[in-house]
Each structure stands twice: as structure tokens, then as C-alpha cells.
1. Among the lysines, which fall within straight-line cross-link reach of Lys86, defined as a Cα-Cα distance under 18 Å, with same-chain neighbours fewer than 8 residues apart omitted?
2. For a quick size check, give me the Cα extents of the range 4-121 along its three principal axes, largest first, whole Å.
3. How much length, in nm to one decimal, is gained on full extension between Glu116 and Ala71, taken as 0.36 nm per residue of separation minus their Cα-Cα distance?
4. What percent antiparallel are the DSSP beta bridges of the range 4-121, to the nearest 5?
5. Calculate the dipole size of the chain relative to its Cα centre from +1 charges on Lys and Arg beta carbons and -1 charges on Asp and Glu beta carbons; express the result in debye to the nearest 20.
6. Per residue of the range 113-123, in order, report the coupling 6.51 cos²θ - 1.76 cosθ + 1.60 (Karplus, θ = phi - 60°) as ³J(HN,Hα) in whole Hz, putting x for Gly and Pro.
7. Given springs between every Cα pair under 10 Å in a Gaussian network model of the chain, which of Pro110, Pro48, Pro79 has the largest fluctuation?
8. The range 1-67: which chymotrypsin sites (Phe, Trp or Tyr not before Pro) are DSSP loop and have at most 16 other beta-carbon atoms within 10 angstrom?
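Quick note: the coordinates plus some simple rules give every number you see, no bench work behind them. Just so it is clear, the structure is predicted and the values come from calculations on it, not from any experiment. Backbone-built Cβ (ideal geometry, glycine too); neighbour counts: all protein chains shown.
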Amino acid sequence: MNKRILVIDDEEALRELAAICLEDLGGWDVTVAASGHEGLMQAATHTPDAILLDVSMPDMDGFAVYEQLKADDSLCQLPVVLLTAKVLPGDRSRFAQMDVAGVITKPFDPTSLCAELAAILGWE
């Protein structure tokens, strides 16, 4: 059975690039969402095996999405990998406290995204 990944990112080009890489190189089923609100709806309806979540989004950022996922009994066990362009010293400590599966920095290498994600999630 293929792994199902939900990619939540407000940047269309990045969202599509990640989806293509994960589908074509990883062979995974990918669902995409352009906002935190849409991502929460997709997570509830498509039950992914993991979520690749952008931190910096308008309206509802990745931190707010993460908090809502963790507050939902049916979604709280989903592994979340944060996708972020900015990793400030304070962010690293915040990420460590959040119990996320891992962090991938933007810009990511499209050819190694699947391997990096699989390593973080223990899917190798």
C-alpha cells in the first residue's frame, strides 16, 4: 500500500514541486492544500500517513495548524514534518518542544526530498 502524504503550503509552485517529487520519485499518493484551513479539512477527509506542513502561511500559520491537529483525537497521532524557509535560533527550540517528526528547510533539493522525508519518518 502506498504511503499518503498531505502537503500544506500556500506557495503554489513549491506545493506542486513537492507533490510531483513525492509522487514521481517516491511513488506516494499526495494530496495538496493551499492553506491551513484547507489542510485541516484534507487531513480529516483523506487520512494521510504524514503531513508536510509549511510554517509561514497567511491567515493560519503552520504552528496554528499543528496545534489544531494535535487537539483532534483522530489526527493527533499523524507525524508532521515542518517545511520552513526561516530557521531562527528561537525556532529550533520551539520545534524541539513541539514533538514534530522533523524539519525540512526551503529551498529543498527536489531529488532528495523523498529520501529526506522517508528518513525522518522511518519509512526506509
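1. In chain and number order, the partners are Lys106.
2. Cα spread of the range 4-121 along its principal axes, largest to smallest: 34, 32, 26 Å.
3. Taking 0.36 nm per residue and subtracting the Cα distance, the gain is 13.5 nm.
4. 0 percent
5. For the chain, the charge dipole is close to 340 debye.
6. Result, ordered by residue: 4, 4, 5, 5, 5, 4, 5, 4, 8, x, 9 Hz.
7. Pro110
8. none
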